[in-house]
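Chemist: Please read through the structure below; I'll follow up with questions.
The values are calculated or read from the model by the stated rules, or taken from the named source; none is laboratory data. Just so you know, these numbers come straight off a predicted model, no measurement behind them. Here Cβ is always computed from backbone atoms with ideal geometry, including for glycine, and neighbour counts include all displayed protein chains. Surface accessibility is based on the protein's heavy atoms, side chains included, excluding ligands, DNA and RNA. Shrake-Rupley method; radii C 1.70, N 1.55, O 1.52, S 1.80 Å.
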Amino acid sequence: MGTIEEAIRQRKFSDIHEKAIVNILFTASWLDALHIQQLKPFGISPQQFNVLRILRGSYPNALRLSDITDRMIDKNSNATRLVEKLRQKGLVKREICKHNRRQVDIWITQKGLDLLAELDKLRDSFLANVKGVSVTEAEQLNNLLDKFRG
């Protein structure tokens, strides 16, 4: 792919921080497109995948919608809509809490767990997209991105 300058055909940035921001946004979009392509045959979106992973992390315990929303990568996603679509596909189940009728408990189903197990097999092929980055460099990148967000 080359440099960000080559990728977006821009030779100059106002400063190095602007270049970093553009590079992060461009790279995030590039990774998102790859993720969408990988998930498409399975009929789920990256946001739905994120909800399933969150629910698998709490399995066998249920989560409330607010718990899922707090843990989501894309904070602008409509978690209610995502959970309903996953419910319609049989990947999650929802039940009104017996102790608090205003609360809805959400679990991943066995079908959802099976789908994630299938997607786990594709993990290495997805990570091959960043094969040029060493473990040390990935650690540095994570530290820099954490620092970037303050």
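Chemist: Would you call D105 touching a Cys at 6+ places or on another chain (Cβ under 9 Å) and at negative phi?
Modeler: It is true that D105 is touching a Cys at 6+ places or on another chain (Cβ under 9 Å) and at negative phi.
Chemist: Any chance you could count how many residues in region 114-146 are basic (K, R) and more than 19 Å from the chain's Cα centre (by Cα)?
Modeler: So the count comes out to 1.
Chemist: Considering only helices (runs of 4 or more DSSP H) fully contained in region 40-150, which possess at least 3 residues that are more than 21 Å from N23 (Cα to Cα)?
Modeler: 46-58, 65-71, 79-88, 110-120, 123-127
Chemist: Which pairs turn up if I take residues in region 117-132 that are within 22 Å of L55 (Cβ to Cβ) and look for partners that are open to solvent by 90 Å² or more (accessible area, probe 1.4 Å) and of a type in the set (S, T, Y) with beta carbon separation below 9 Å, at least 6 apart in sequence or on another chain?
Modeler: none
Chemist: Something else about it: Kindly indicate which of K40, K19 is more than 19 Å from L115 (Cβ to Cβ), surrounded by fewer than 18 Cβ atoms within 10 Å (Cβ to Cβ) and basic (K, R).
Modeler: One residue alone meets the criteria, K19.
Chemist: How about region 61-80: which of its residues are out of contact with any helix residue (DSSP H, G or I) (no Cβ under 9 Å at 6 or more places or on another chain) and either within 21 Å of L115 (Cα to Cα) or of a type in the set (G, A, S) (or both)?
Modeler: Across region 61-80, the qualifying residue is only N61.
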